[in-house]
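A short worksheet on the structure shown next.
The values are calculated or read from the model by the stated rules, or taken from the named source; none is laboratory data. What you are looking at is a predicted structure, and each value in this text was computed from that prediction instead of being measured. Reconstructed Cβ throughout: ideal geometry from the backbone, glycine too, with neighbour counts over all protein chains shown.
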Amino acid sequence: MGLTLAEKIMLSHLADGEFKKGSEIGLKIDQTLTQDATGTMAYIEFEAMGISQVRTERSVAYIDHNTLQSGFENADDHRFIASVAKKHGIYYSRPGNGICHQVHLERFGAPGKTLIGSDSHTPTGGGLGMLAIGAGGLDVAVAMGGGAYYINYPKIVKVELTGKLSPWVAAKDVILKLLSILSVKGGVGKIIEYTGEGVKTLSVPERATITNMGAELGATTSIFPSDENTLAFLRAQGREDVWLPLAADADAEYDEVVEIDLSALEPMASCPHSPDNVKSATELKGMKIDQVCIGSCTNSSLADMHKVAAILKGRTVHPDVSLSVSPGSKQVLAMMAEDGSLADIIGAGARILESACGPCIGMGQSPNSGGISLRTFNRNFEGRSGTRDAQVYLVSPEVAAASAVAGVFSDPRELGELEIKPMPETFRVNDNMITPPASPKDAEKIAILRGPNIKEYPKTEPLADHLTAECSLKVGNNITTDHIMPAGAKILPLRSNIPEISKHCFEVCDESFPSRALALGKSIVVGGSNYGQGSSREHAALAPLYLGVKAVIVKSFARIHKQNLINAGILPLEFTSDEDYENIRQGDILAVEDLRDQVRAGGAVKVKNLTRGREFETKCELSPRMRDILLCGGLLDYTKAKLK
């Protein structure tokens with residue numbers, strides 16, 4: 001039996017474990033990336049390990065999230081990250097150089113390499129044929145120190161693409177179609193691998209759009225083969241030396257198969273408030289809109305911008321619509337300026353934002369109250385835009401630009417033929433905004449620059465023998481990390497300050513939760529299915545840790561968040577029946593006796609509801625390594641103990 005492409009890369013990077021389905025395996029990591037919203041904590045964690053230089057082939061720190069400097073906090077974080085990077089062997093992409101995933105695709109990604117990043121959209125690198133996985137900051141810190149990254153050997157889903165996209169139908173529509181088939185839970189515990197003749201019709205930027213939003217499926221990662229299109233992209237970047245052909249074996253076996261005929265697709269949109277709530281442009285046509293935002297790590301490539309410019313050229317944005325455009329990198333912005341695309345976009349009345357995440361992470365451009373916003377982004381969770389009652393639709397750049405001109409939701413296929421600038425054979429390469437690290441000798445003299453907003457990692461302690469605590473909060477299904485630890489311009493600057501940011505924990509669900517949990521001292525959170533979907537932000541575990549949350553009991557977890565809870569020393573338990581979930585109320589006192597012994601034994605953990613006189617069994621599905629991490633009190637304590 002042959003191997004899938006993902007299996008080939010995993011096998012060649014196997015550092016620990018047995019290579020079989022369902023087993024926990026440790027992978028050697030070639031590259032890491034961080035961004036500033038998660039990076040500060042990741043580097044605080046790396047420092048705590050006491051390792052002087054990173055041990056990866058390439059680690060890069062990007063500044064792209066917290067670029068709105070309305071106070072000193074973000075600027076201090078950037079200065080801290082810059083000094084850590086220079087001292088510890090990390091490349092530093094300065095503010096303005098671009099969004100981490102776009103820049104990494106352009107300048108550092110390489111087929112066949114492993115990459116983990118402290119951002120859930122790290123799988124963007126799969127468009128190049130990388131095994132690129134989103135992870136919590138502490139996992140990235142361990143990988144920078146030379147440690148393996150652990151995952152359960154995932155199922156592999158084959159998505160066979162046939163045909164070719166019709167004019168004005170986009171790569172965004174491919175992933176929206178897959179989301180409509182599989183849902184936001186459909187990729188959990190799986191890798192999505194794209195194959196078929198249709199793959200050859202897609203450029204690397206188009207492939208990257210598709211792998212980027214594989215995160216919305218809950219997938220571990222997504223990957224395309226490395227072929228002649230990959231070579232052409234790397235050659236244009238002056239990096240053809242890193243190319244190698246990669247594909248699955250002809251007789252590879254997959255756990256699931258999904259077929260998508262590209263020629264049958266039409267423009268689509270994810271409707272509020274979930275990426276898998278998909279409708280066609282035909283169904284939404286004519287809906288009045290208030291705002292359009294084009295950009296993000298999903299759709300900010302030069303190819304995307306060329307299509308937007310072609311639609312806007314000689315036209316004017318509708319007077320009732322606010323249009324903003326965020327090019328994905330300095331390279332994209334500079335080339336737009338040189339080839340006239342930028343002038344066409346500005347001439348139409350678009351507001352040009354810096355090359356950063358911006359509105360996608362809630363950093364500015366919040367819609368008007370009750371506003372309808374079309375965005376080329378990857379998430380439309382309620383309130384993520386910064387406006388609680390906004391209605392956010394996820395669309396392709398083609399739909400976005402056509403609608404911005406019309407003032408209503410529009411089908412770009414009605415535009416007819418327009419002249420779109422061809423992609424150049426050579427890209428404009430200027431890495432002057434990427435600062436290389438100091439030599440190991442010079443690194444010893446570099447001081448780490450810390451601002452007053454940068455606080456230490458929250459205190460952890462070994463797992464207790466017994467746990468008796470109140471249920472401080474009960475929530476429903478599909479709770480995202482935006483529910484647990486919101487984004488936005490108000491909160492993101494506090495990412496380095498866990499005590500302060502914890503005041504906003506779960507405020508979307510219950511504004512009184514932080515004060516209640518802190519007053520209780522220790523408590524338990526109860527939730528529904530797919531708990532913790534969305535961003536990789538470990539702050540969604542660190543803030544509850546600081547507030548005294550000792551365990552989270554839910555119907556099911558999203559992969560990254562469950563790992564982040566374990567890393568923080570918070571016990572993740574799963575209900576075995578819906579009835580047990582229904583029989584708990586906020587305020588109930590829950591107890592687990594012989595907790596350490598039950599966790600050490602593996603399998604089930606018995607929980608008593610002392611308030612209601614009931615006992616129920618939960619699943620505690622952990623590998624031996626995960627159990628040891630919990631018993632130690634978290635990954636940081638576990639790693640420090642291993643390094644002694």
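Out of everything in region 112-124 that is hydroxyl-bearing (S, T, Y) and not in a helix (DSSP H, G or I), what residue ends up being surrounded by the fewest Cβ atoms within 10 Å (Cβ to Cβ)? Talk me through it step by step, then tell me what you get.
Taking region 112-124 as the starting set, the residues that turn out to be hydroxyl-bearing (S, T, Y) are 114, 118, 120, 122, 124.
The next check asks that each one be not in a helix (DSSP H, G or I); those that pass are 114, 118, 120.
On the way: T114: 24, S118: 31, S120: 28.
Among those residues, the one meeting the criterion is T114.
Residues in region 50-73 that are assigned to a loop (DSSP other than H, G, I, E, B) and either out of contact with any Gly (no Cβ under 7 Å at 6 or more places or on another chain) or free of Cβ contacts under 8 Å to residues at least 60 places away in the same chain (or both): G50, S52, T56, E57, I63, H65, N66, T67, Q69, S70, G71. When the residues of region 434-478 are filtered to those that are of a type in the set (D, E, K, R) and in contact with a Leu (Cβ under 9 Å, 6 or more places away or on another chain), the one that is farthest from Y43 (Cα to Cα) is E470.
Looking at region 94-103, is at least one residue surrounded by 24 or more Cβ atoms within 10 Å (Cβ to Cβ) and in a strand (DSSP E or B)? Yes - at least one qualifying residue is present in region 94-103.
Please pick out the residue among G127, G109 that is buried (at least 24 other Cβ atoms within 10 Å of the Cβ), at pLDDT 95 or above, outside any loop (DSSP other than H, G, I, E, B) and of a type in the set (G, A, S). Give the steps one after another, and end with the answer.
Values: G109 fails: outside any loop (DSSP other than H, G, I, E, B).
Every option except G127 fails the conditions.
Can you tell me which residue is surrounded by the fewest Cβ atoms within 10 Å (Cβ to Cβ) among those in region 340-382 that are at positive phi and in a loop (DSSP other than H, G, I, E, B)? Full working, then the answer.
Step one: list which residues in region 340-382 are at positive phi, which gives 340, 349, 358, 362, 364-365, 370.
Okay, now just the ones that are also in a loop (DSSP other than H, G, I, E, B), so 340, 349, 362, 364-365, 370.
Numbers: G340: 13, G349: 17, G362: 23, G364: 17, Q365: 22, G370: 11.
Ranking the qualifying residues of region 340-382, first place goes to G370.
Of the helices (runs of 4 or more DSSP H) lying entirely inside region 395-512, those containing at least 1 residues that are surrounded by 19 or more Cβ atoms within 10 Å (Cβ to Cβ) and in contact (Cβ under 8 Å) with a residue 24 or more places away in the chain are 397-406, 481-484, 498-501.
Looking across region 32-49, just one residue is surrounded by fewer than 24 Cβ atoms within 10 Å (Cβ to Cβ) and outside any helix (DSSP H, G or I), and that is M49.
Is it the case that S439 is within 20 Å of the chain's Cα centre (by Cα), of a type in the set (S, T, N, Q) and not assigned by TED's automatic domain parsing to the domain that holds E47? Let's see the steps before the verdict.
Details: within 20 Å of the chain's Cα centre (by Cα): no; of a type in the set (S, T, N, Q): yes; not assigned by TED's automatic domain parsing to the domain that holds E47: yes.
No, not satisfied.
Per the listing S324, S341, the residue uniquely in contact (Cβ under 8 Å) with a residue 40 or more places away in the chain, over 24 Å from L176 (Cβ atoms) and assigned by TED's automatic domain parsing to the domain that holds R388 is S341. Within this structure, I223 fails the test of being free of Cβ contacts under 8 Å to residues at least 40 places away in the same chain, closer than 30 Å to E425 by Cα and under 18 Å from the mean Cα position of the chain (by Cα). Would you check which residues across region 586-644 are within 22 Å of I44 (Cα to Cα), of a type in the set (A, V, I, L, M) and free of Cβ contacts under 8 Å to residues at least 40 places away in the same chain and list them? Selection gives A641 alone.
If a residue counts only when it is modelled with pLDDT of 95 or more, surrounded by 21 or more Cβ atoms within 10 Å (Cβ to Cβ) and of a type in the set (V, I, T), which helices (runs of 4 or more DSSP H) contained entirely in region 186-292 have at least 2 such residues? If you could, list the steps in order and put the result at the bottom.
Working: elements: 204-212, 228-236, 281-284.
Those helices (runs of 4 or more DSSP H) span 204-212.
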